[in-house]
Amino acid sequence: CGCGIGGPLRNIGQFTNARITGVTLNQYQVDRGNALCAEVGLDNKCRLVQADFHHMPFEADTFDHCYSIEACCHSPNRADVYGEIFRVLKPGGYFVSYEWCLTDKYDANDAYHRKIKKDIEVGDGLPDMCHTSVCTKALEKSGFNILEARDYHLGADYVEPWFRPLTPGWNPFVWPRFQFNPIMFKLMPIILSVFEFIRLVPKGTSKTQVMLQAGGVGCEQGGATGVFTPMWLMVGQKPKA
């Protein structure tokens, strides 16, 4: 649900030999994803379909299970998308979702916290980002029995934090950290504007870079302060009867 061009879809398909249908709103992603499925010989089992995940073109009780990776955060109403997933799942089916959320450390009265939230939303094309509890309640309200709901980042034994690649750095061979240092942060839009002028890159690349940089900074600061997690993991099951 919200599959992009289907990278995880193909990996899961190759590893499990499961039949998988991916849903995305973007027709380019559908075309590109299906072409990649064909390249790796999965076109007979894995396919992408263009659809709004709030209104999917499938009959009720169609799918055994469903998963979503960092996609439902693009919905302005989690209950709507979770409800639609509930509809198309067979009784007993599992829904596993990996969400971008605000945490208990977020303080709406803190201007810095609000800026972090806004940068993530603008840089990553998100609607109003919600708290982890909102996701969990929406999942339960949709009819799922909640088997698990936790921040996967907490307590995990990582070599480094998930946000480290977005932390500013000065080594030009370590990307993308290098582009987030104060000098490159200001230079990159200028460099890309020159590239646009001489037509080495498409028009609008510089503006896109500014937007993505803001999202990267917001994610890094959100991770460093703990007010944001991209790893809110929920596992729900549609009742068997």
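The values are calculated or read from the model by the stated rules, or taken from the named source; none is laboratory data. Everything quoted here is computed from the prediction, not taken from an experiment. For neighbour counting, all protein chains shown are included, and Cβ atoms are generated from backbone atoms with ideal geometry for every residue, glycine included. Keep in mind that these areas ignore ligands, DNA and RNA; they rest on the heavy atoms of the full protein, side chains included. Shrake-Rupley method; radii C 1.70, N 1.55, O 1.52, S 1.80 Å.
Under a crude label model (7 Å from the Cα following the beta-carbon direction), how far is Val210 from Asp31 in nanometres?
About 3.0 nm separates the two model spin labels.
Just the number please: accessible area per residue for the chain, 1.4 Å probe, all protein chains included, in Å².
Averaged over the residues of the chain, the accessible area is 55 Å².
Find the Rg to Rh ratio for the chain, where Rh is the Kirkwood radius over alpha-carbon pairs and Rg uses the same atoms.
Details: Rg = 19.6 Å, Rh = 19.6 Å.
We get a ratio of 1.00 for the chain.
Which one, Ala71, Ala149, Ala60, has the greatest fluctuation when you compute a Gaussian network model over the chain with C-alpha springs under 10 angstrom?
Residue with maximal mean-square fluctuation among Ala71, Ala149, Ala60: Ala60.
Mind checking which lysines have their Cα closer than 30 Å to the Cα of Lys45? Skip sequence neighbours fewer than 8 apart in that chain.
Partners found: Lys90, Lys238, Lys240.
Using the basic label-point model (7 angstrom from Cα toward the beta carbon), what is the Asn11 to Lys115 distance in nanometres?
Result for the modelled spin labels: 3.4 nm.
Taking R0 as 45 Å, what FRET efficiency do you get between Asn145 and Lys186 from their Cβ-Cβ distance, rounded to the nearest 0.05?
Numbers: r = 51 Å, r/R0 = 1.13.
With a Förster radius of 45 Å, E is 0.35.
Can you work out D for the range 4-137 in µm² s⁻¹ from Stokes-Einstein, where Rh is the Kirkwood radius over C-alpha pairs, the temperature is 25 °C and the viscosity is 0.890 mPa s?
After rounding, the answer is 151 µm²/s.
Just from its helices, what would the mean residue ellipticity at 222 nm be for the chain, if runs of 4 or more DSSP H residues each count -39500 (n - 2.57) and the sum is divided by every residue, rounded to the nearest 500 deg cm²/dmol?
-12500 deg cm²/dmol
Highest mean first, what order results for 26-33, 116-123 on Cβ atoms within 10 Å?
On the way: 26-33: 15.6, 116-123: 19.6.
Ranking, from highest mean packing down: 116-123, 26-33.
For Glu160 and Asn77, compute 0.36 nm times the residue count separating them, minus their Cα-Cα distance, and round to one decimal in nm.
My answer for the length gained is 26.6 nm.
Find how much the distance from Arg19 to His131 grows on full extension, using 0.36 nm per residue of separation minus their present alpha carbon separation; answer in nm with one decimal.
Values: separation 112, 0.36 × 112 = 40.32 nm, distance 3.31 nm.
Result for the pair: 37.0 nm of gain on full extension.
Once the Cα atoms of helix 7-16 and of the chain are each reduced to a long axis, what angle between those two axes, in degrees from 0 to 90 to the nearest 10, is obtained?
40
Defining a contact as two alpha carbons under 8 Å apart and six or more residues distant in sequence, what relative contact order in percent does the chain show? Mind dumping the intermediate values first?
On the way: 426 pairs, mean separation 56.1, N = 241.
With pairs under 8 Å counted, the relative contact order is 23 percent.
Which distance in nm do the two modelled labels at Tyr152 and Phe178 give, with both placed 7 Å along the Cα-to-Cβ direction?
The modelled label-to-label distance comes out at 3.0 nm.
Compute the angle between helix 205-225 and the longest alpha-carbon principal axis of the chain, please, reported from 0 to 90 degrees and rounded to the nearest 10.
Orientation of helix 205-225: about 70 degrees from the principal axis.
Taking the Cα centre of each part, how many Å lie between the range 132-194 and the range 36-98?
For the range 132-194 versus the range 36-98, the Cα centre distance is 24 Å.
Report, in degrees rounded to the nearest 10, the 0 to 90 angle that the Cα long axis of helix 132-141 makes with the longest principal axis of the chain.
For helix 132-141, the angle is close to 20 degrees.
If I take every Cα pair under 8 Å that is 6 or more residues apart in the range 153-241, average their sequence separation and divide by the length, what percent do I get for the relative contact order? Intermediate results must be reported in sequence, preceding the final value.
Values: 67 pairs, mean separation 21.7, N = 89.
The value is 24 percent.
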